[in-house]
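What follows is one structure encoded as structure tokens, with my remarks underneath.
What follows is calculated from the coordinates using simple rules that are stated; it is not laboratory data. It should be emphasised that the depicted structure is a prediction, and the values quoted were computed from it without experimental measurement. FYI the Cβ positions are ideal-geometry reconstructions off the backbone, even for glycines, and counts take in every protein chain you see.
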Amino acid sequence: MNLHPLSRPMLCLLSLLLLTPGMGLAATPRSTLLPSTVGGPRGLETPHALRLLEEPQAAGVAPARPPRPHAVFRVAAELGVGTLAGVGLGLVGARIGTSRCPPPTSMDAPDHCTLYPLTGLWLGSSLGFALGVWGGGTLLGGEGHLLHTLGGMALGLALGAGAFALTDGTITAFSGAALLLPYALSVVAFEVSSSVRLQPLVSITPKGDTVLGLAGRF
């Protein structure tokens, strides 16, 4: 094939341009070019691969905690499960209290034993409610302690029994409200122990003295 006289110089010039460093890369798509490392040879590098999943977390880094349900839903679960457990153990307590009643003096005399069944019902329902509060709250992300919940229940029982004794064993507005304290204080104790964390703290002063204390998170 006969070439034009000017074609040979043009082919030589194009060949030199393609062999010149950096000029041949101009035809490469920009998406495949990455900056060269400092001090290393310049040229093409392997492009980053597309990833559908996130990178695995570095060793020693704690995974992100899942979001906790709203406090309204947690308290609703505490009340619901606590009520079911309270009714169950309350019936058991009432049955035990009934068995402690003394026999009637005669066959025709009515049975006036109501204190034992009611006391068993109150104690059993208080314990069941406290256990249900702890179980329901824990299922929905609560971090309260069982012992703290039972402690709140015990405090409510003591206050309720004291108010009942002050009214000479009669149910009034004051003593009736006080009898509800074991249930209310169980929820309060669980929620407070969920949001408060105490741990021992030891520090050394500039003079060399050791100070002991408690550090808390609220």
By the scheme Lys and Arg +1, Asp and Glu -1, what is the net charge of all other residues having a beta-carbon under 13 Å from that of Val133? -1
Which distance in nm do the two modelled labels at Leu84 and Ala173 give, with both placed 7 Å along the Cα-to-Cβ direction? 3.6 nm
Added length on full extension, which subtracts the Cα-Cα distance from 0.36 nm per residue, Val72 to Leu166: 30.3 nm
